[in-house]
Amino acid sequence: MNTQALTDTAPGTAAVAPRGASLERGRHAFLEEIDAPIASFFSSCVRCGLCAHACLFYTETEDPRYTPIHKLEPLRRMWRQEYTFWGKLAKRVGLAKPVTDDELAAWSELVYDSCTLCGRCSRVCPVGNDIVYMVRRMREGMAAAGHAPAGLVRATRNAILNGSPMGVKLVTLEAQIRHVEKETGLTVPLDQVGAEYLAIFSSMEIVNYPEYIAALTRIFEQAGVTWTISSEAFEATNAGIQIGQSDLAAELLSRIVKAAEKLKVKTVISPECGHAYLALRWEGPNLLKRAYPFQVKHILELLDELRAAGKLRLRDSEDSRLTFHDPCQLVRQGGVVQEPRTLLKLVASDIVEMNETGVMNWCCGGGGGVSAIERAENLRLKAFRRKKTQLDELGVEMLVTACANCRVVLEEGVDAYNMELPMVGLTELLAEHLEERP
Amino acid sequence: MNSVDFLQWVRGPAFDAAVVIFVLGVIFRLFGILMLGKKPDLAEPRGGEWGPGLRTVLSRSLPDRGTFRREPVTVVAGYVFHIGFFITLFLSAPHIELFHAWFGLRWPALPTPLVDASAVITLLALVFLLAYRLANPVRRFLSGFEDYFVWGVTLLPVLTGYLAYHHLRLPYHALLALHILAVELLLVAFPFTHLMHTFTLFVARWYNGAASGRRGVVS
């Protein structure tokens with residue numbers, strides 16, 4: 001585990017770390033990340049600017065600096081200077097503009113604060129550039145060069161040292177488990193070897209939305225499936241992915257993998273959290289350099305399977321007008337589009353869709369670690385106007401989503417704009433409509 | 001050197017050299033991109049790569065509804081230019097004669113007035129796109145020397161071709177030589193600029209679509 005990188009990028013210590021060495025590390029990390037897809041993307045961009053209109057940070061500010069492809073400019077120049085004929089020539093004769101530390105510092109806002117890794121730009125680019133893939137890669141170089149925002153550095157350090165970006169410890173989880181057991185009259189299984197499913201949570205769920213834990217307990221009881229929580233690895237989120245430090249991301253992931261292997265579970269359930277799913281489901285095996293001996297499913301995928309197997313028996317229906325907010329990572333990195341809609345239809349009668357939804361949904365404005373960056377708060381609230389516009393068009397009475405981070409960000413946005421809109425997680429909503437036990 | 005000698009040189013050794021630079025340049029560029037490779041993905045796939053990759057190669061030619069609504073000008077002007085350029089390049093009788101001489105392949109030409117109209121439309125689209133690049137805040141902000149240079153080397157062959165065909169302003173030989181020279185400039189610039197997108201966009205779209213497909217995301 002490389003905690004050295006963490007202390008070097010922590011606020012206050014940047015001055016201690018030699019700047020040149022940091023920049024060199026960053027440059028090295030940038031070049032390490034450039035692969036065939038990235039070279040094909042940079043070769044193809046004709047500066048049409050269409051990606052700007054796919055990004056909520058541009059649409060809500062109309063500041064051209066927030067054009068997604070522009071956020072990659074230092075990486076593009078580095079590619080050009082190292083991998084193209086004229087770029088190499090210009091560099092050799094001293095005509096190329098080198099990427100400097102000051103430039104990277106200036107780009108920190110563009111690569112972190114104004115990008116939620118939502119991936120909408122990647123779906124819009126006419127030449128097919130996977131822009132979010134490149135931003136994710138570029139963050140590796142930015143973090144190595146010491147230009148990650150303080151908020152994310154803190155979250156990552158907390159996660160590595162204390163097991164949670166918010167500093168949630170086992171005692172907190174145990175206290176919530178006791179509450180849930182009291183409320184439901186059911187046992188919440190802890191460290192049960194041989195259970196089918198291992199449930200993990202985002203800190204946000206443990207602290208703000210323990211209803212999710214209660215919902216799982218009741219749904220699994222009715223479905224008759226075995227599950228467990230691990231006392232050693234219950235945190236699902238991964239600040240290492242958001243900040244762009246693969247070694248730390250791997251360390252966080254390995255804790256979950258070790259626990260899952262120790263408890264011999266068949267499936268690990270990614271909670272209602274978008275990027276946790278991205279981290280565990282898609283990045284994990286590549287960061288750990290091995291395939292898992294278990295499956296990973298998002299809770300919505302599992303619930304839809306239980307429904308299909310007749311193990312999710314529901315009653316009554318909400319009659320208030322509601323809509324579903326798609327978490328970006330679920331739809332654009334996981335293709336989980338139909339499952340929440342199928343499930344929602346079982347418990348609600350008046351469902352309306354936002355004008356751009358599913359794989360073309362708009363982000364809440366706080367994904368990809370942005371909600372952990374204090375200095376980005378004003379910008380994030382501005383970007384939230386995109387979602388506000390979508391919601392205002394519908395005039396709904398309730399918002400359902402499946403990501404605790406989306407939910408916190410949306411609740412803050414709704415508060416800031418004096419809107420009235422109660423929110424609920426889909427798992428929790430389903431649990432409220434379970435058939436009574438006979 | 002009179003205009004006939006110049007024409008001989010332009011369509012002889014100069015043209016050969018330009019074609020060699022173009023062909024080798026494009027091959028080296030594509031090779032250079034693909035050689036960088038991609039790390040194998042160890043995550044259990046949720047869907048296939050090839051089908052969605054190939055589908056995205058086609059489907060990205062159409063904008064999504066939201067993009068079209070927000071930026072119809074870019075989309076429409078882009079279509080007009082590309083279609084006009086391809087018609088002018090591949091469906092005009094003199095060009096088809098050339099392709100026939102080189103590759104032995106022949107296809108029907110469009111009637112001259114239609115090719116003529118498409119050349120004019122292509123030129124108008126190019127002028128409009130330049131004006132739009134200068135007027136639109138996002139485009140102006142993103143654009144650098146290469147973007148304007150590429151615009152110029154794309155405009156010149158169309159403009160000189162149109163003038164030569166109509167024997168305007170200059171003697172035919174001189175105009176034809178200028179036209180061929182402009183084409184050579186385009187060919188030589190091609191592998192070194194983002195004119196390469198003509199080929200690399202297929203690679204880029206494939207990577208994008210394949211990555212989505214692997215994760216079970218409909219592209």
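Structural remarks
- Residues that are more than 14 Å from every other protein chain (Cβ to nearest Cβ), over 24 Å from B:Leu24 (Cβ atoms) and not aliphatic (A, V, I, L, M) within region B:149-202 comprise B:Thr160, B:Gly161, B:Tyr162, B:Tyr165, B:His166, B:His167, B:Arg169, B:Pro171, B:Tyr172, B:His173, listed in sequence order.
- Residues that are under 21 Å from A:Ala195 (Cα atoms) and either in contact with a helix residue (DSSP H, G or I) (Cβ under 9 Å, 6 or more places away or on another chain) or at pLDDT below 95 (or both) within region A:309-334 comprise A:Ala309, A:Lys311, A:Leu312, listed in sequence order.
- Considering region A:241-294, the residues that are in a helix (DSSP H, G or I), polar (S, T, N, Q) and closer than 20 Å to A:Leu161 by Cβ include one that is farthest from the other protein chains (Cβ to nearest Cβ), namely A:Gln242.
- A single member of A:Leu312, A:Leu344, A:Leu306 is in contact (Cβ under 8 Å) with a residue 60 or more places away in the chain, touching a Phe, Trp or Tyr at 6+ places or on another chain (Cβ under 7 Å) and either assigned to a helix (DSSP H, G or I) or not polar (S, T, N, Q) (or both), and it is A:Leu344.
For (1) at pLDDT 95 or above; (2) in contact with a Lys or Arg (Cβ under 9 Å, 6 or more places away or on another chain), each residue gets a yes or a no:
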{"position": "B:Val75", "(1), (2)": "yes, no"}
{"position": "B:Val80", "(1), (2)": "yes, no"}
{"position": "B:Leu89", "(1), (2)": "yes, no"}
{"position": "B:Ile96", "(1), (2)": "yes, yes"}
{"position": "B:Trp107", "(1), (2)": "yes, no"}
{"position": "B:Tyr132", "(1), (2)": "yes, yes"}
{"position": "B:Asn136", "(1), (2)": "yes, no"}
{"position": "B:Leu175", "(1), (2)": "no, yes"}
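- Test for B:Arg70: is it within 14 Å of another protein chain (Cβ to nearest Cβ) and out of contact with any Lys or Arg (no Cβ under 7 Å at 6 or more places or on another chain): yes
- All conditions but one from (1) under 23 Å from B:Ala204 (Cα atoms); (2) without any contact (Cβ under 8 Å) to a residue 60 or more places away in the chain; (3) within 12 Å of chain A (Cβ to nearest Cβ) apply to B:Tyr132; the one that does not is (1).
- Any hit, region B:37-53, residues being surrounded by 12 or more Cβ atoms within 10 Å (Cβ to Cβ), among the hydrophobic types (A, V, I, L, M, F, W, C) and more than 27 Å from A:Thr67 (Cα to Cα): yes
- All of A:Ile69, A:Ile38, A:Ile34 fail the test of being at the interface with chain B (Cβ under 10 Å from one of its Cβ atoms), surrounded by fewer than 23 Cβ atoms within 10 Å (Cβ to Cβ) and of a type outside the set (D, E, K, R), apart from A:Ile34.
- Hey, A:Asn405 within 24 Å of A:Leu379 (Cα to Cα), among the polar types (S, T, N, Q) and in contact with a His (Cβ under 9 Å, 6 or more places away or on another chain) or not: yes
The values are calculated or read from the model by the stated rules, or taken from the named source; none is laboratory data. All values reported here derive from a predicted model rather than from experimental measurement. Using ideal geometry, Cβ is built from the backbone for each residue, glycine included, and neighbour counts are taken over all protein chains shown.
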